[in-house]
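Quick note: the coordinates plus some simple rules give every number you see, no bench work behind them. Predicted, not measured: the structure shown is a model, and the values here were computed from it.
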Amino acid sequence: MIGGGGGAKKKTMVGFLVAFLLGVCLIYSQHCLIKSNCPFSSKTTTTTDSIDKSNVADKEEPRKSPSLDEANRHFPPLPFDIWTRQEENKFLFLHVGKAGGSTIFCNFVVPRLEEFKSDVNFWCRNMKPATAEEMANPPVYSQKYGKRLHMTKMDDDTVTQYNAFLVSLRNPITRIISAYDYEKSNKNRWVQKSYPAFKQCFPNSVLISDLLLCMDENITSATYNMCGMNSSTYCRQLGAKAVKGEIESYRSHMTYNYQFYEDQFLYAVNSNKTNTNTTNTTTTTNHRMLALRIEHLEEDLENLEIFLKTGKVVVANNTGVYTAVVSAERAKNRINVGRSKTGSITSTAYRILCQLLCKDIQSYKRFLFRAENLNKEMILDSMQDLFKYCPTEGLAINEDCE
């Protein structure tokens with residue numbers, strides 16, 4: 001009896017040990033498979049390049065960074081020619097301030113004067129009016145314009161209405177210089193009213209070059225004396241935050257920067273909602289991005305017109321060759337973009353500005369990479385223009401901005 005009981009105990013212990021070891025092995029195998037580094041596993045490590053990017057737009061994390069090699073390829077191409085033929089499909093215009101947005105907006109609405117009469121009379125009063133022929137047959141990009149988002153957050157109703165977005169783009173450096181000049185040129189601008197502390201630190205006479213030089217970590221007392229502004233630590237920090245767009249209560253084009261509009265786009269993307277106004281789900285499952293670069297507006301408008309009709313990028317950048325002379329001439333007559341005088345800004349000031357705008361520059365890059373109507377050559381052309389001001393910037397997204 002004693003001998004039989006001992007055997008039973010041994011069997012129980014062995015069974016317990018086997019179950020324990022199996023449990024350990026199961027946990028380990030699950031862990032290493034997740035990490036993709038099991039020495040005994042035939043599972044191949046998954047890299048970013050091998051990931052199935054279908055519907056990745058609906059799964060993007062905030063600030064998820066596509067690369068130049070993935071430009072226009074981080075989700076299956078949308079047949080924009082089919083999208084265009086569906087009358088209910090419109091794009092939402094992300095109007096980035098001081099990036100030529102008003103000029104672009106006028107190209108959209110001027111040919112549709114009867115629908116947008118008040119907007120045309122106010123925003124486009126200095127633009128050449130549309131002819132009777134243009135109003136009778138507006139460009140496709142004018143017909144597909146739906147609504148403008150400018151200096152406001154996207155709401156849920158807007159998210160459900162639009163699955164395509166068009167953003168106005170301009171070199172981030174020249175954009176912020178123009179925004180600063182715009183804010184400081186008139187006492188009635190938002191900065192003067194909504195954030196008087198900024199005005200106290202930086203009177204209207206302070207140029208952006210002086211503002212930037214006073215933020216230099218290696219600043220000398222002589223430079224301080226030349227700043228013509230309050231050189232306290234508080235003012236320096238305030239200036240840096242304002243340029244970065246980190247003061248939400250400060251309503252200016254400096255605050256509503258590329259990061260802000262990228263957040264609005266990602267809000268729509270991550271909402272994962274489908275436009276129920278159409279039955280063709282192939283054109284509504286992802287939120288898509290188009291772009292117009294103000295430095296190449298004539299070419300980009302012409303390219304956009306063809307892209308919406310054919311779904312193909314066929315206009316080479318800076319060629320000056322147009323297949324629709326009337327459309328190009330109309331765009332040319334309506335382009336009236338003020339350009340900031342940047343010649344007096346020193347290389348040191350530019351270096352500081354590039355550092356302060358690091359995060360915004362990355363958002364700008366991501367907009368370029370996402371734009372389905374821009375090919376790689378067009379993107380590289382805009383990047384080369386950025387490199388003139390920020391030579392340390394690369395083609396890759398910088399994930400280490402401070």
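A few remarks follow.
- Separation of the alpha carbons by more than 26 angstrom is noted, of Lys90/Lys365; Lys117/Lys244; Lys98/Lys147, for Lys117/Lys244.
- Residue-wise HN-Hα couplings along segment 347-358, as the Karplus relation 6.51 cos²θ - 1.76 cosθ + 1.60 with θ = phi - 60° gives them from phi, are 5, 5, 5, 5, 4, 5, 5, 5, 5, 5, 9, 3 Hz; Gly and Pro carry x.
- Other-chain or far-sequence residues with amide H under 5 Å of Ala164's (modelled H): Leu92, Arg288
- Binned Cα-Cα distance frequencies in segment 136-180 - 5 Å width, integer %: 5, 14, 20, 18, 16, 16, 9, 2
- With 19 Å as the limit on Cα-Cα distance, the pairs of Lys184/Lys359; Lys312/Lys376; Lys153/Lys199 that go past it are Lys184/Lys359; Lys153/Lys199.
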